[in-house]
Amino acid sequence: MASAAPVGEAGRPGGAPLVVDGRVRIDVTLTGASDGEAARRTVERLRAAVHAVPYAGAMVGGRTAQQIDTQDTATRDRNLIAPVVLAVILVILFALLRAVLLPLLLVATVALGYFATLGVTALVFQGLLGFSGTDASVPLYGFVFLVALGVDYNIFLMTRVRKEALRHGSREGIRRGLTATGGVITSAGVVLAATFAAPVVIPLAFLAQIAFIVAFGVLLDTLVIRSLLVPALARDIGPAAWWPTPPDKVPATARPPESTTSA
């Protein structure tokens, strides 16, 4: 609910209304909290009512209206940017791994890690710490960081797996590739998580939430998804994951030679 009154020429309600360029300012006072769901619904109904008046050209502003616009803009940006980023990543993975199913699998694991991180973040900040909400831009920033890091680890792992699979077969290649890159990926994830966790101590909700999302998401990606889930899925699917160019079907003459080292 809300009450409205025109603003007078002195800037106070009452008296002759202040008219500027044919427009009259009317202050609306909400009965509930300006950042609550009831206030949001009231502003949306008010906008729908005034915009339905022909030739009125009315505008509804204020703190609640600004929050609505910010959230709507962030949602629109997220819904546009996320699919574009994932599509570009898929094209790169298609070309790099020369496969169809495996890039789709890798992007799906990145998305899974992102949504799992958002869920844990909501539980921690709203359920345990009592935060009333989050900045509308936090999910998009978290998506950019986690997808960039997750895809980087994916490429590092699976390019080595493919190289080993060309010599030793799909399953043995997964084991050798994970052995060669697992320590580097895990240690890099721990260092990055510790680095990004530093802003948690800054008394700003936005920075604290971003820091937690990136730190937890990187640890989840490097310790669970990249080290366990991706190799397990690729091993269970087998050579079919590399279709249409499974390493087991590549002629021996096209395979890279064994690397040799001398003491």
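Bear in mind that the values in this text are calculations on the coordinates, not laboratory data. Small disclaimer: the values here were computed from a predicted structure and weren't measured. Cβ: placed from backbone, ideal geometry, glycine included. Neighbour counts: every protein chain shown.
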Scan the stretch 66-114 residue by residue and report those that are out of contact with any Leu (no Cβ under 9 Å at 6 or more places or on another chain), surrounded by 15 or more Cβ atoms within 10 Å (Cβ to Cβ), among the hydrophobic types (A, V, I, L, M, F, W, C) and more than 20 Å from L229 (Cα to Cα). I68, V85
May I ask you to list the residues in the stretch 177-200 that are over 27 Å from the mean Cα position of the chain (by Cα) and buried (at least 17 other Cβ atoms within 10 Å of the Cβ)? G177
Evaluate the stretch 231-250: report whether one residue or more is assigned to a helix (DSSP H, G or I), aliphatic (A, V, I, L, M) and within 17 Å of L146 (Cβ to Cβ). no
Out of contact with any Ser or Thr (no Cβ under 6 Å at 6 or more places or on another chain) and of a type outside the set (D, E, K, R): which single residue out of I155, I185 fits that description? I155
Based on what the data block shows, is A215 without any contact (Cβ under 8 Å) to a residue 40 or more places away in the chain and surrounded by 16 or more Cβ atoms within 10 Å (Cβ to Cβ)? yes
